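To start, the structure itself, in structure tokens.
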Amino acid sequence: MSWMAAAVVGSAVVGGVVQSKSASKAAAAQTQAADRGVEEQRRQFDAVRELLSPYVEAGDVALEQQMALGGMSGREAQREAISAIESGQEFQSLTQQGEDAILQSAAATGGLRGGNTQAALAQFRPQVLSSLINQQYSRLGGMTALGQQSAAGVGTAGMQTGQNIANLYGQQGAAAAGSALASGQAFGNVMGSIGQYAGGAAALP
């Protein structure tokens, strides 16, 4: 009877150990897969952030210039922004062409030195400058909006990445918990089997 008892107990113990090791291996595999998933999620987020980074930076620069042009960064910054437009090639080219056209028209009608011509010349440059200021502000607004959308895209990607990583870590925790429960169950079964055999053996005459 002692030989049979030892065999039963040994078989139960071996079975428990095998079940426990299998559970540990399964948990380790799931944990490793989750770790790879976390790494990939982070890699993808870094790729998205790098891809959108130029647009975010361009939007930041555009917003700074837009604020200066609109006077939101102080009078000095506004003066410098307007001066940059006034000294730019676009303004110089437009005013030159416009003034030449006014003078040619006045010369053709004999009013080269008339008051209307002088008034037209005096008003022309401020009008061109005002128009270019509005155009520049609108252009900068487009770049600012693009930067804002890109920054929002990075933020959305970050939130999604965080959620996905949290889910993967949750899977790791579940795997570890499942392994611990499976190991406990396996050894509980061992002790139950031993107890059942011991009870049965004691009942024998």
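The values are calculated or read from the model by the stated rules, or taken from the named source; none is laboratory data. What you see is a predicted model, and the numbers here were worked out from it, not measured in a lab. Reconstructed Cβ throughout: ideal geometry from the backbone, glycine too, with neighbour counts over all protein chains shown. Ligands, DNA and RNA are stripped out before the accessible areas are found, and what is left, the full protein with its side chains, is counted by its heavy atoms. Shrake-Rupley method; radii C 1.70, N 1.55, O 1.52, S 1.80 Å.
General observations
- The residues neighbouring Gly59, those whose beta-carbon lies less than 15 Å from its own, together hold a net charge of -1 under the Lys/Arg +1, Asp/Glu -1 convention.
- Sites Thr156 and Ser73 - FRET efficiency at Förster radius 22 Å, r taken between beta-carbons, to 0.05: 0.15
- List Ser93, Ser150, Ser73, ordered by accessible area with a 1.4 Å probe, largest first: Ser73, Ser93, Ser150
- Estimated FRET transfer efficiency (Tyr137, Glu39; beta-carbon r; R0 35 Å; 0.05): 0.20
- When the alpha carbon gyration tensor of region 52-162 is reduced to an equivalent ellipsoid, the three semi-axes, largest first, read 43, 14, 9 Å.
- Gain upon complete extension [Gln171, Ser93; 0.36 nm per residue less C-alpha separation]: 21.5 nm
- Normalised per residue, the accessible area of region 49-113 is 69 Å², obtained with a 1.4 Å probe and no contribution from ligands, DNA or RNA.
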